[in-house]
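Comments concern the structure below.
Every number here is computed from the coordinates shown, using simple stated rules; none is lab data. Computed from a prediction, not measured in an experiment: that's the story for all the values here. Cβ coordinates were reconstructed from backbone atoms using ideal geometry, including for glycine residues, and neighbour counts include every protein chain displayed.
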Amino acid sequence: MPAPRTCIHNRPVLLTVVMIAMGLGSGIPAMADNPGAVEYDLGPEPHIRELYPDASWLPEAYASDYEDLTATIEHFTTQSLERDGVPDPEVSVSLVEEGETDERVRVRIQPENATTRRYATVHPAFLDSEHAAQARRGVEACKAREGCWDPHPQAGEPWTLFLPLGLPLANQHTVLFLDYPPIPALTGQDYLENYTMCRRGRIMGAAGAENPDAFQTIVDARPIAAPGTGQTGYLPDPVEWFDDRTGPGGDFLRPMLRLLATQPDESRPVAVFGADARRTWARMIGRDTVRVLDTGSTSLAPDAPATPWIATNHPDVTSYNCCPDNPSEKCGRGSLNLIEDEEKDFVSACWLIAMAEDPEASPEAVRKQCEDRWSGKPSAEDRQSLCIQVKLDTNDPEAACDSFTEAWNYCSAHEANACASHDCRYDPDDIRDPVPPPARRPAGWDETCNHYRWGDRGFD
C-alpha cells in the first residue's frame with residue numbers, strides 16, 4: 001500500500017446538471033423518464049483512488065478484483081442508484097484533465113431526476129475530507145502504531161479499508177450502525193453480499209417493508225473488511241481510531257452518520273446492531289450500556305436535529321440459535337432462544353418501518369407498539385410470519401426448511417408452532433392455508449439466504 005498522503009484534498013466540488021436532450025433547461029422539473037443527464041465531479045483522482053478499493057493499494061489477495069478505478073466507481077454507483085429506486089441507470093465515469101498533470105473524477109448519470117440530482121450533492125460529500133477520507137485517516141494512523149493493524153491475520157484474508165459503497169445515498173429510510181464488513185462483501189463487490197445482510201433484508205420484507213434495500217444504508221464502527229469470525233477482539237478500538245476529533249485517528253463516525261441520517265434536513269432513524277456496535281454507540285452517546293431494544297434520540301452534531309435510534313441483535317444472531325430442547329449437536333447451551341430473538345428482530349424491523357414513516361414519533365412509544373404486536377399477542381398472520389422465519393433461521397440444518405414454500409406449509413400444518421418438531425416434515429392434509437400468490441408475498445420471498453451457510457440449498 002502506498003505511503004499515507006499528508007494532504008487531504010478538499011477543493012470545491014464542480015456540480016453541473018447537464019440537460020442534453022430536447023433543449024431542456026435546468027429550471028424545468030425533471031421526470032423519471034427525462035433523457036437528460038446529471039454530471040458532477042467527485043474530486044481529484046489521487047484522493048478518490050485512495051477511497052475506492054483499487055489494485056494500487058489493496059492487498060494482493062483482492063487486487064485483481066479492482067484493476068480499473070473508473071469501472072469500480074461505475075459498478076458501485078450503479079448499485080447505489082438501483083437500490084435507491086432508479087431503474088436501469090446508466091453511469092459513466094471519466095478522468096478529466098485539470099492543468100498539465102492533475103485529473104479529476106467525473107460522474108455522469110442518466111436519467112436526470114430528483115434522485116440522480118441528489119447524487120450530485122451527496123456522492124461527493126460522502127467521499128470528501130470530512131467523511132470517507134476520515135476513515136482512511138484512522139486506518140493509516142492504526143497502521144503507524146505497532147501492533148494495531150491486523151495483529152492476528154488469517155491466511156488469504158488480510159484486513160483492508162472498505163467503505164460502505166453501493167448502498168442507497170438519496171432515498172434511504174434508515175441507517176444501520178454495524179461493527180465491520182466481512183471479507184465476502186469486498187470480494188463479492190457487493191456490501192450486501194453476505195448472510196448477515198441478506199437475512200436482515202428478508203426480515204425487513206417479512207415485517208412489511210416494500211423495498212428492504214431502502215433500509216440497508218450502513219455505517220460501520222470499524223470500516224475495515226476482515227474475516228467474518230474470530231477478528232472482533234483484534235480490530236482497532238472504534239472510538240479511538242474512527243471517532244477521534246483531537247488525536248491521530250479519524251473523525252469518521254459522527255460526520256458520516258449525520259450525512260446519511262439527516263439529509264437534507266430530516267432525521268432518519270438509526271438501528272444499532274450487535275454487542276460490539278452497541279458498546280461503541282453507548283460510548284459515543286455517553287451511556288454506560290445500551291441493551292437490545294433500548295431506544296432513544298441523540299444529536300450527531302451540536303447543530304444537527306435529534307436522531308431516533310434503537311439497539312438490537314446482530315442481524316444473523318438467529319443463525320446460531322435453535323428451538324428449545326433440540327438435541328442436535330448444533331444446539332448447545334445458550335443457543336436455545338431462537339423464538340425470543342426472532343421476535344426481537346421483528347420488533348426492531350417494525351420500529352424502523354414506523355419511525356421512517358414518522359421520524360417525529362416517540363421512539364419509546366413506537367417500540368412499545370411493536371413489542372405488543374410481535375412479542376405480545378401477535379395476530380395469526382404475524383405468528384405465521386414468525387414461524388416461517390424460525391424454520392429458515394435455525395442453526396440445525398435438519399430442522400430448517402429449504403424454501404419459503406416449505407416453511408409456509410410446515411407452519412400452516414403445525415398451527416404456526418415452529419418448534420413442533422426438529423425437522424421440516426408435515427402432513428399435506430393438515431395445511432390450513434395455501435401458499436399465498438406472488439402479489440401477496442413479502443419482499444424477498446424467493447431468498448432464504450441459507451445458500452450462504454449451506455451451499456445451494458435454500459431457494460424456493
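Count the lysine pairs in the chain that are 8 or more places apart or on different chains: how many have C-alpha atoms under 27 angstrom apart? Write down the numbers at each step before the final one.
Values: K330/K344; K330/K391; K344/K368; K344/K377; K344/K391; K368/K377; K368/K391; K377/K391.
Count of close lysine pairs: 8.
Around D251, which amide H atoms from residues at least 5 apart in sequence, or from another chain, sit under 5 Å from its own amide H, with H modelled in the peptide plane?
D244
Roughly how big is the chain's charge dipole about its Cα centre, with Cβ charges of +1 (Lys, Arg) and -1 (Asp, Glu), in debye to the nearest 20?
On the way: 41 positive and 75 negative charges, 226 e Å.
Value, rounded to 20: 1080 debye.
Place +1 on the Cβ of every Lys and Arg and -1 on the Cβ of every Asp and Glu in the chain, take the dipole about the Cα centre, and give the residue among A418, A170, T246 whose Cα lies farthest towards its positive end.
Farthest towards the positive end: T246.
Please give the direction-averaged projected area of the C-alpha convex hull for the range 236-354, in square nanometres with one decimal. Working shown, then result.
On the way: hull surface 35.6 nm².
Mean projected area of the Cα convex hull: 8.9 nm².
Place +1 on the Cβ of every Lys and Arg and -1 on the Cβ of every Asp and Glu in the range 159-383, take the dipole about the Cα centre, and give the residue among P359, T295, N326 whose Cα lies farthest towards its positive end.
N326
On each of the three principal axes of the Cα atoms of the range 106-201, give max minus min coordinate, whole Å, ordered largest first.
For the range 106-201, the Cα extents along the three principal axes come out at 48, 33, 23 Å.
If you count the DSSP beta bridges with both ends in the chain, what percent of them are antiparallel, to the nearest 5?
On the way: 28 of 40 bridges.
The antiparallel proportion sits near 70 percent.
Express in % the proportion of alpha carbon pairs of the range 56-125 at distances exceeding 17 Å. Let's see the in-between values first.
Details: 1225 of 2415 pairs.
Result for the distance tail: 51 percent.
Amide H of T217: which non-local residues (sequence gap of 5 or more, or other chain) have their own amide H closer than 5 Å, using H built in the peptide plane?
Answer set, sorted by chain and number: T174, L176.
Whole angstrom only: what separates the Cα centroid of the range 307-327 from the Cα centroid of the range 51-93?
32
Match the structure shown to one of the listed values (1) 77, 59, 43; (2) 71, 67, 42; (3) 60, 59, 47 of Cα extents along the principal axes in Å, computed from it, and give that label.
(1)
For the range 283-328, what is the Kirkwood hydrodynamic radius in Å, using each pair of distinct C-alpha atoms?
13.5
Using only the alpha-carbon atoms, how far is helix 114-127 inclined from the longest principal axis of the chain? Give it as 0 to 90 degrees, nearest 10.
So the helix axis and the longest Cα principal axis differ by about 70 degrees.
Would you mind giving the average projected area, over all directions, of the Cα convex hull of the range 340-447 in nm² with one decimal?
7.3
Let's see if you can work this out: charge +1 on each Lys and Arg Cβ, -1 on each Asp and Glu Cβ, no other charges. What is the dipole magnitude of the range 159-383 about its Cα centre, in debye to the nearest 20? Let's see the in-between values first.
On the way: 21 positive and 33 negative charges, 67 e Å.
About 320 debye.
Round to a whole angstrom and tell me the spacing of the C-alpha centers of the range 190-234 and the range 106-151.
One Cα centre to the other: 19 Å.
Evaluate the Kirkwood expression for the hydrodynamic radius of the range 159-383, namely the inverse of the mean inverse distance over all pairs of different C-alpha atoms, and round to one decimal in Å. All intermediate terms of the calculation are to be shown ahead of the outcome.
On the way: mean 1/r = 0.0556 Å⁻¹.
Computed over the range 159-383, the radius equals 18.0 Å.
Report, in deg cm²/dmol and to the nearest 500, the calculated mean residue ellipticity at 222 nm for the chain, where each DSSP H run with n ≥ 4 adds -39500 (n - 2.57) and the sum is divided by the residue count. Don't jump to the answer; show the numbers that get you there.
On the way: 15 runs with 151 residues, N = 460.
Dividing the helical sum by the residues of the chain leaves -9500 deg cm²/dmol.
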